[in-house]
Amino acid sequence: MTKTPHDDHIPADLTPKNEGEIQAERARMFTFGFWKSLLAGREGLGDTFWAGNYLAGLLFLPVMVVFLALASFVPLLSPLLSASFVVFGVYLLGVARAVAVAQPKGNSGIGLRIFGVIWTLMNAGMCLVYSPFVAGQ
């Protein structure tokens with residue numbers, strides 16, 4: 001990985017000593033191996049919850065916008081909207097399982113794990129329940 005130049009607008013005392021490690025970890029989040037590890041519950045609890053729910057959502061949302069635009073012009077493609085919601089909902093069920101088995105890196109306890117599982121199950125349920133209605137336009 002190439003070393004990116006440091007932003008001179010950030011004061012030196014706010015720059016972490018392990019800036020290179022942080023950048024490498026962030027780049028790793030966009031690899032297939034990271035997602036396999038995440039769904040297996042081998043990442044930390046925080047990474048599993050946040051990346052599983054919201055980093056994936058940042059990738060899912062543009063796909064939904066494209067499908068919505070296509071379905072507006074070609075109504076026969078409307079089932080793609082429903083199918084993509086089902087796929088994302090099933091993926092979130094896998095994330096909920098991964099959150100349930102992921103080990104926290106710190107001292108977060110069981111409360112955050114339970115909250116993370118419930119929150120992820122609510123997201124999955126929303127995707128699966130709404131999926132029949134999004135194709136109707």
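Could you please let me know if Gly41 is within 28 Å of Thr120 (Cα to Cα), of a type outside the set (Val, Ile, Thr), part of a loop (DSSP other than H, G, I, E, B) and modelled with pLDDT of 85 or more?
Values: within 28 Å of Thr120 (Cα to Cα): yes; of a type outside the set (Val, Ile, Thr): yes; part of a loop (DSSP other than H, G, I, E, B): yes; modelled with pLDDT of 85 or more: yes.
Answer is yes for this residue.
Show the residue pairs that are 6+ apart or on different chains and have beta-carbon atoms under 7 Å apart, the first residue being within region 94-113 and surrounded by 16 or more Cβ atoms within 10 Å (Cβ to Cβ), the second being among the acidic types (Asp, Glu) and modelled with pLDDT of 90 or more.
Sorted first by the residue in region 94-113, then by its partner, the pairs are Ala102/Glu43.
Kindly establish whether Leu112 is in a helix (DSSP H, G or I) and in contact with a Pro (Cβ under 9 Å, 6 or more places away or on another chain). Before the answer, list the steps.
Details: in a helix (DSSP H, G or I): yes; in contact with a Pro (Cβ under 9 Å, 6 or more places away or on another chain): yes.
Yes; evaluated as a whole, the condition is true for this residue.
Test each condition in (1) closer than 16 Å to Thr48 by Cβ; (2) of a type in the set (Gly, Ala, Ser); (3) surrounded by fewer than 16 Cβ atoms within 10 Å (Cβ to Cβ) for Ala124 and report the one that comes out false.
Among (1) closer than 16 Å to Thr48 by Cβ; (2) of a type in the set (Gly, Ala, Ser); (3) surrounded by fewer than 16 Cβ atoms within 10 Å (Cβ to Cβ), Ala124 violates only (3).
Read through the list (1) buried (at least 16 other Cβ atoms within 10 Å of the Cβ); (2) in contact with a Lys or Arg (Cβ under 9 Å, 6 or more places away or on another chain), then give the number of the only condition that Gly89 fails.
Failed condition: (2).
Being loosely packed, with under 13 Cβ neighbours inside 10 Å and among the aliphatic types (A, V, I, L, M) narrows it down to one of Leu61, Leu39, Leu68, so name that one. Can you show your working first?
Details: Leu39 fails: loosely packed, with under 13 Cβ neighbours inside 10 Å; Leu68 fails: loosely packed, with under 13 Cβ neighbours inside 10 Å.
Only one candidate qualifies: Leu61.
Which of the residues belonging to region 34-75 are under 15 Å from the mean Cα position of the chain (by Cα) and of a type in the set (Phe, Trp, Tyr)?
Residues satisfying the conditions are Phe34, Trp35, Phe49, Trp50, Tyr54, Phe60.
Can you run down the residue pairs with Cβ atoms below 8 Å, 6 or more apart or on separate chains, where the first is in region 75-88 and farther than 8 Å from Val134 by Cβ and modelled with pLDDT of 90 or more and the partner is of a type in the set (Phe, Trp, Tyr) and surrounded by 14 or more Cβ atoms within 10 Å (Cβ to Cβ)?
Phe88/Phe60
The values are calculated or read from the model by the stated rules, or taken from the named source; none is laboratory data. None of these values were measured; they are calculated from a predicted model. Every residue, glycine as well, gets a Cβ built from its backbone with ideal geometry; the counts of neighbours run over all protein chains shown.
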